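Structure first, then comments.
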Amino acid sequence: MTEIPVNCLFNKKKTGCGATELAIRNSIPTLIAMPYVALVKNKTVCRTDDIEVLGVYEDITEWDITQFARTHSSLKIATTYDSLPRVVSALQSIGIDPYKELFLLVDEWHVLFNSYSFRHRAIKELLATAARFDRATYMTATPIEQEYMLEELRHLPTCEID
């Protein structure tokens, strides 16, 4: 696979296949929204290569985000679902329009369905923020049946790896 399909529900069918790494390694400025801090840390602080990816979760400040954005030409930011609106706001504060200039990859999107009842505010805010991006993809290896799909995602086509 050389690129991630855009503006769809992407079923990669296999965990650990490198799709998130593809989003990190390509030249496209990218925000990756993930459900858990541990996943964000896995793609940021646990890296064994020289690719710099900013991880955003509870203790990362707007200043940290803006400093990273000012010093990196091809932005790669991994954030928790809860922190996505904060990242967008920080980037906007320095003149970056993330909705137009960045690709949003919502990783493990099946967690949106699983967490909706107890993380309702965070999931609703993530979905509202994601809907504003010109280029956004929801990716998982654990797809949800259409009958259980969140209303906010029903309009998106499904793409699968063959």
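Residue-wise test of (1) of a type outside the set (Lys, Arg); (2) part of a loop (DSSP other than H, G, I, E, B); (3) out of contact with any Asp or Glu (no Cβ under 6 Å at 6 or more places or on another chain); (4) open to solvent by less than 20 Å² (accessible area, probe 1.4 Å).
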position: ASP49; (1), (2), (3), (4): yes, yes, yes, no
position: ASP59; (1), (2), (3), (4): yes, yes, yes, no
position: ILE65; (1), (2), (3), (4): yes, no, yes, yes
position: ARG86; (1), (2), (3), (4): no, no, yes, no
position: SER89; (1), (2), (3), (4): yes, no, yes, no
position: PHE113; (1), (2), (3), (4): yes, no, yes, no
position: PHE118; (1), (2), (3), (4): yes, yes, yes, no
position: THR137; (1), (2), (3), (4): yes, no, yes, yes
Hey, can you tell me all the residues within segment 67-84 that are under 28 Å from PHE113 (Cα atoms) and in a helix (DSSP H, G or I)? LEU84
Could you list, ordered by first residue, the pairs with Cβ atoms under 8 Å in which the first is in segment 1-17 and part of a loop (DSSP other than H, G, I, E, B) and hydrophobic (A, V, I, L, M, F, W, C) and the second is surrounded by 13 or more Cβ atoms within 10 Å (Cβ to Cβ) and at pLDDT below 75, at least 6 apart or interchain? MET1/CYS17
Residue hits (segment 18-47; open to solvent by 50 Å² or more (accessible area, probe 1.4 Å) and in a loop (DSSP other than H, G, I, E, B)) are SER27, ILE28, TYR36, VAL45, CYS46
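The values are calculated or read from the model by the stated rules, or taken from the named source; none is laboratory data. The model shown is predicted, which means the values in this text are computed figures rather than measured ones. Every residue, glycine as well, gets a Cβ built from its backbone with ideal geometry; the counts of neighbours run over all protein chains shown. Note: areas computed on protein heavy atoms with side chains; ligands, DNA, RNA excluded. Shrake-Rupley method; radii C 1.70, N 1.55, O 1.52, S 1.80 Å.
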